[in-house]
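The values are calculated or read from the model by the stated rules, or taken from the named source; none is laboratory data. For clarity, every value in this text was computed on a predicted model and none was experimentally measured. Cβ placement follows ideal geometry from the backbone for every residue including glycine, while neighbour counts extend to all protein chains displayed. Surface areas here come from the heavy atoms of the whole protein model, side chains and all, with no ligands, DNA or RNA. Shrake-Rupley method; radii C 1.70, N 1.55, O 1.52, S 1.80 Å.
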Amino acid sequence: MFVTILRSEGLRPFLAFAFLFLAVITDPAHSAESINRIIATVGSHSISELDYDDALDKYQKLSRFLKNEDMRKSQRTRVIDFLIDRAIVDTIADEESIQVNEKRLEGEIEKRMELMGLTSRKQFERAIEASSGMPYDLWITELPYQIKRGQLLQYKVPMPPPAEKDVRNWYALNKDKVGFEIQYRLIAIAPNNDSIAEEARIHKEATELRKTLQADPNSFTLIAGSPRNGDNKLRARKGLVDWISSFELFKISKSSAIATSTLQAGAVSEVFRDEYKRYCIIKVEGKRATPYETVKGGIMNILAREKEEENFQKWVREQRSTVTIQIFDDSYKKENKIPDHKESIHLD
């Protein structure tokens, strides 16, 4: 009966499938290529077609965060370059014994939560999404790379300080962002007690005094040095507080910082209550942008952070001349003019 079945016409499709299956499994190169073709190798790391498929989705999600992308290149080339750069980072991190395992990731998250003053993981996830501009699920997949990047930046990537002219140019263009220093005089009148009647009396006295000072701003110095000024320490200096940054003033007296924030030189403030429950009036004697030397260090840090990613990408591209890279993707080789007989390459 078995022989009869073998001779039947219905067996021909089965035999055809069997021969095809045997041909595939006896041809390893064809099998590997069809299942998961290797696109490139970077050092000991290989990049497969499956890696490309995974990276394509990630690249598209990260595209708005990536700088210096050459949009003249095809998407496939850009994604393969993205994978090559990541593989270079992994290769050099391996050489430097930079390991990122689950324990390291959890430790990094706990450290960041502590710095942010958060104890709830949900709050942390929301805070990360707000600060990074990306979904937490995407951010967490980027964390291993960011940890490696951070350590390589610290130990391997040259970070030349910003040029003096660049620092001065930034200062000139951003004086509104560096804050200001202020010189002012203060008159403070304190109530004798906490009664409503005393509060009303002092408020009326301070309001009338402000009208006088507005009419004759030059009288401010005289009154600030008289017994009418309840601040004994400042009275001897005729109420003068010499140049102080807006940041330092805010730490000393939030109410004074707020009262003077919008005033120009020569202006007299409204009556306001300070932290000591005194009724105060301020005259701004001078106002200027925080001096260059005071904020130079901070500006240098800002410019260094802005150049950080550019310097890192430049360093990664330079490592292409030291890490062995082999390309097996025909479309990439054609677009980047890589000869077929020369698969081991150094990319610019």
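Inspect all residues belonging to region 130-137 and state whether any of them is farther than 26 Å from Glu310 by Cα, in contact (Cβ under 8 Å) with a residue 12 or more places away in the chain and not in a helix (DSSP H, G or I).
No.
Output the qualifying pairs, or none if there are none: Cβ atoms under 7 angstrom, residues six or more apart or on different chains, first residue in region 320-348 and in a loop (DSSP other than H, G, I, E, B), second residue modelled with pLDDT under 85 and not aliphatic (A, V, I, L, M).
Partner pairs satisfying both residue conditions: Thr324/Ser344; Phe328/Glu343.
Out of the residues in region 196-232 that are free of Cβ contacts under 8 Å to residues at least 12 places away in the same chain and in contact with a helix residue (DSSP H, G or I) (Cβ under 9 Å, 6 or more places away or on another chain), which is farthest from Ala267 (Cα to Cα)?
Pro227
Out of all the residues in region 204-219, is one or more assigned to a loop (DSSP other than H, G, I, E, B), among the charged types (D, E, K, R) and at pLDDT 90 or above?
yes
Only one of Ile147, Ile187, Ile202, Ile182 is among the aliphatic types (A, V, I, L, M), open to solvent by less than 70 Å² (accessible area, probe 1.4 Å) and out of contact with any strand residue (DSSP E or B) (no Cβ under 7 Å at 6 or more places or on another chain); which?
After applying the criteria, what remains is Ile147.
Having 2 or more residues that are β-branched (Val, Ile, Thr) and over 24 Å from Asn192 (Cβ atoms) is the bar; report the helices (runs of 4 or more DSSP H) wholly within region 221-299 that clear it.
It comes to 254-260.
What's the total number of residues in region 151-168 that are touching a helix residue (DSSP H, G or I) at 6+ places or on another chain (Cβ under 8 Å) and of a type in the set (Ser, Thr, Tyr)?
0
Of these, Asp176, Asp194, which one is exposed (fewer than 14 other Cβ atoms within 10 Å of the Cβ), within 30 Å of Ile302 (Cα to Cα) and either over 47 Å from the mean Cα position of the chain (by Cα) or not hydrophobic (A, V, I, L, M, F, W, C) (or both)?
Asp176 is the lone residue from the list that is exposed (fewer than 14 other Cβ atoms within 10 Å of the Cβ), within 30 Å of Ile302 (Cα to Cα) and either over 47 Å from the mean Cα position of the chain (by Cα) or not hydrophobic (A, V, I, L, M, F, W, C) (or both).
Out of the residues in region 250-275 that are under 17 Å from Thr290 (Cα atoms), open to solvent by 90 Å² or more (accessible area, probe 1.4 Å) and not hydrophobic (A, V, I, L, M, F, W, C), which is modelled with the lowest pLDDT?
It comes out as Lys251.
All but one of (1) aromatic (Phe, Trp, Tyr); (2) within 14 Å of Glu285 (Cα to Cα); (3) open to solvent by 50 Å² or more (accessible area, probe 1.4 Å) hold for Phe247; which doesn't?
Among (1) aromatic (Phe, Trp, Tyr); (2) within 14 Å of Glu285 (Cα to Cα); (3) open to solvent by 50 Å² or more (accessible area, probe 1.4 Å), the lone unmet condition for Phe247 is (2).
Just wondering, is there one or more residues in region 208-229 that are closer than 25 Å to Thr294 by Cα, aliphatic (A, V, I, L, M) and touching a Gly at 6+ places or on another chain (Cβ under 9 Å)?
Within region 208-229, none of the residues are closer than 25 Å to Thr294 by Cα, aliphatic (A, V, I, L, M) and touching a Gly at 6+ places or on another chain (Cβ under 9 Å).
For region 235-293, which positions are aliphatic (A, V, I, L, M) and under 38 Å from the mean Cα position of the chain (by Cα)? Before you say what the answer is, go through the steps one by one.
Here is the first cut: in region 235-293, the ones aliphatic (A, V, I, L, M) are 236, 240-241, 244, 249, 252, 257-259, 263, 265, 267-268, 271, 281-282, 284, 289.
Of everything in region 235-293, those that are aliphatic (A, V, I, L, M) and under 38 Å from the mean Cα position of the chain (by Cα) turn out to be Val241, Ile244, Leu249, Ile252, Ala257, Ile258, Ala259, Leu263, Ala265, Val284, Ala289.
Per-residue answers, yes or no, for (1) at pLDDT 95 or above; (2) of a type outside the set (Gly, Ala, Ser); (3) surrounded by 10 or more Cβ atoms within 10 Å (Cβ to Cβ):
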position: Lys67; (1), (2), (3): no, yes, no
position: Leu83; (1), (2), (3): yes, yes, yes
position: Ser120; (1), (2), (3): no, no, yes
position: Gln123; (1), (2), (3): no, yes, yes
